[in-house]
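Q: Dumping the structure here so I can ask a few things about it.
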Amino acid sequence: MIGEFELIKKLTAILEDNSIGDDTAYINIDNKVSLNITCDAFLEDVHFLRRYPPESIGFKSISINVSDIVANGGKPLYSLISLMIPDDIDERFIERIYEGVKSASLFYNLKIVGGNISKSSKLGIDVFLIGEVDRFVSRAGANVGDDVVVSGTLGDSYAGFKLLTSKKQYEEYELRLIERHLRPTARIDYINHIRKYASASMDISDGLSSDLWHIAERSNVVIDIDLNKIPISRELRLYASKENLNPYDLALSGGEDYQLLFCQKKEHFNPFLDNTVIGQVVEKGKALVLVNGKELERTGFDHFKNRQ
Ligand SMILES: [Mg+2]
């Protein structure tokens, strides 16, 4: 099967539109209204399992879309939701998904204005989200000399997913990793910073290694990352040492962290955010990602291939 990213390239070639390729699409109407729009399907057995708490399924389906809006400097406003419902599901389960949707809409201060329901063989929730944006920040603006910055810590969600699917009794730190997988929070606290200072930005949904490549390719720059600077949580360190894994591998290839990856001038570092400088943009004119001086392998999540 063809990979997800090759397929996107083929489809955008059919549409003959080079503007496609960011987390959200930018729309400007008569120089009066600037919006960014996005949609993301959240599907049973691809993105979640039916035994997950239904409220978390609803909450996460909204978070992953808000994360894209925020990544481009937007503020989420309105949403439409399409539900795909199999026959073997009870009504209460769907209501509980919507309780999660409601708490996400209150948390992110957005309004669900409509949607649609259809029958399906698997459960799915497809969210369309619209935001307002006064400066759209794409993946394409990284400049030589910029710092490369990430929010939060990376790799937690993947560890949480592994724990959820491998055991039933958990320690406190394991529950925190699971929470990061089940109920990620989009970084709305970064909206102003991204809008004002980021030269290029995206959210980390597929995994840092492939997302760094997305910025390098769209901006046509060489990014040089220092592996030891990648922020790792205390919980992930505990998990990795117990499982005999390298926490940096998990942070690079895990995916679904819904943190932000952005570039900015050095002087715009914000000490009041939980952000970390992990490297620099060192050259323009070709796309390459180096980690500790060596080309970085893309090990992130591709929906059409198996998760490693
Ligand atoms: Mg994204």
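Every read-out reported here was derived from the displayed coordinates using simple, explicitly stated rules and does not represent laboratory data. A quick note: this is a predicted structure, and the numbers were derived from the prediction, not measured. With ideal geometry, Cβ positions are generated from the backbone for all residues, glycine too; neighbour counts draw on all protein chains shown.
Q: Most fluctuating residue of Ala216, Ala240, Ala25 in a GNM of the chain with Cα springs under 10 Å: which is it?
A: So, out of Ala216, Ala240, Ala25, the one fluctuating most is Ala240.
Q: Most exposed first by the Cβ proxy, i.e. fewest other Cβ within 10 Å, how do Ile89, Ile178, Ile117, Ile223 rank?
A: Lowest count first: Ile117, Ile89, Ile178, Ile223.
Q: Quick one: order Phe107, Phe161 by neighbouring beta-carbon count within 10 Å, fewest to most. Could you put the intermediate results ahead of the total?
A: Numbers: Phe107 15, Phe161 21.
Starting with the residue having the fewest Cβ neighbours, the order is Phe107, Phe161.
Q: Continuing with this model, one more query. Holding the Cα-Cα limit at 18 Å, pick out from Lys32/Lys75; Lys229/Lys294; Lys162/Lys229 the pairs that are longer than that.
A: Cα-Cα > 18 Å for Lys162/Lys229; rest within.
Q: Something else now. Where does each of Ile2, Ile57, Ile37, Ile130 land when they are ranked from fewest to most other beta-carbon atoms within 10 angstrom?
A: Final ranking by Cβ density, sparse to dense: Ile2, Ile37, Ile130, Ile57.
Q: Could you tell me what percent of the DSSP beta bridges with both partners in segment 4-132 are antiparallel, to the nearest 5?
A: About 70 percent, rounded to the nearest 5.
Q: I need the trypsin sites (Lys or Arg not before Pro) found in segment 166-199, filtered to DSSP loop residues with at most 12 other beta carbons within 10 Å of theirs.
A: Hits after loop and neighbour filter: Lys167, Lys168.
Q: Additional query: Looking at the square roots a ≥ b ≥ c of the eigenvalues of the Cα gyration tensor of segment 215-298, which shape do they give, rounded for a/c under 1.5, prolate if a/b is larger than b/c, or oblate? Let's see the in-between values first.
A: Working: a/c = 2.27, a/b = 1.42, b/c = 1.59.
Verdict is oblate for segment 215-298.
Q: Suppose every Lys and Arg Cβ carries +1 and every Asp and Glu Cβ carries -1, with no other charges. What dipole size does segment 4-132 come out with about its Cα centre, to the nearest 20 debye?
A: It works out to roughly 300 debye.
Q: Can you run phi through the Karplus equation (6.51, -1.76, 1.60; θ = phi - 60°) for segment 263-269 and list ³J(HN,Hα) in whole Hz, with x for Gly and Pro?
A: 10, 7, 5, 3, 5, 8, 4
Q: Could you estimate the translational diffusion coefficient of segment 4-132 from the Stokes-Einstein equation, with Rh from the Kirkwood formula over C-alpha pairs, at 20 °C and 1.002 mPa s, in whole µm²/s? Let's see the in-between values first.
A: On the way: Rh = 15.6 Å.
Approximately 137 µm²/s, per Stokes-Einstein.
Q: I would also like to ask the following. Based on the alpha-carbon gyration tensor of segment 147-295 and its eigenvalue square roots a ≥ b ≥ c, which shape applies: rounded if a/c is under 1.5, prolate if not and a/b is larger than b/c, or oblate? Walk me through the numbers before you get to the answer.
A: Values: a/c = 2.23, a/b = 1.62, b/c = 1.38.
Because a/c hits 1.5 or more and a/b exceeds b/c, segment 147-295 counts as prolate.
Q: Return the calculated 222 nm mean residue ellipticity for the chain, to the nearest 500 deg cm²/dmol, obtained by summing -39500 (n - 2.57) across DSSP H runs with n ≥ 4 and dividing by the residue count.
A: It lands at -10000 deg cm²/dmol.
Q: While we're on this one: I'd like the distance between the alpha-carbon centres of segment 134-149 and segment 50-79, rounded to an integer number of Å.
A: 23 Å
Q: For the chain, with only Lys/Arg (+1) and Asp/Glu (-1) charged at the beta-carbon, what is the dipole magnitude about the Cα centre, in debye rounded to 20? Working shown, then result.
A: Working: 37 positive and 46 negative charges, 59 e Å.
Once rounded to the nearest 20, the dipole reads 280 debye.
Q: Which residue fluctuates the most in the chain, going by a Gaussian network model with Cα springs under 10 Å, if the choices are Pro247, Pro271, Pro76?
A: In this elastic network of the chain, the residue with the biggest mean-square fluctuation among Pro247, Pro271, Pro76 is Pro271.
Q: Regarding the chain, what whole-number volume in Å³ per residue does the convex hull of its Cα atoms give? Intermediate values should be presented prior to the final figure.
A: On the way: hull volume 46.3 nm³, N = 308.
Residue-normalised Cα hull volume stands at 150 Å³.
Q: Per residue of segment 247-257, in order, report the coupling 6.51 cos²θ - 1.76 cosθ + 1.60 (Karplus, θ = phi - 60°) as ³J(HN,Hα) in whole Hz, putting x for Gly and Pro.
A: x, 6, 4, 5, 5, 6, 10, x, x, 6, 7
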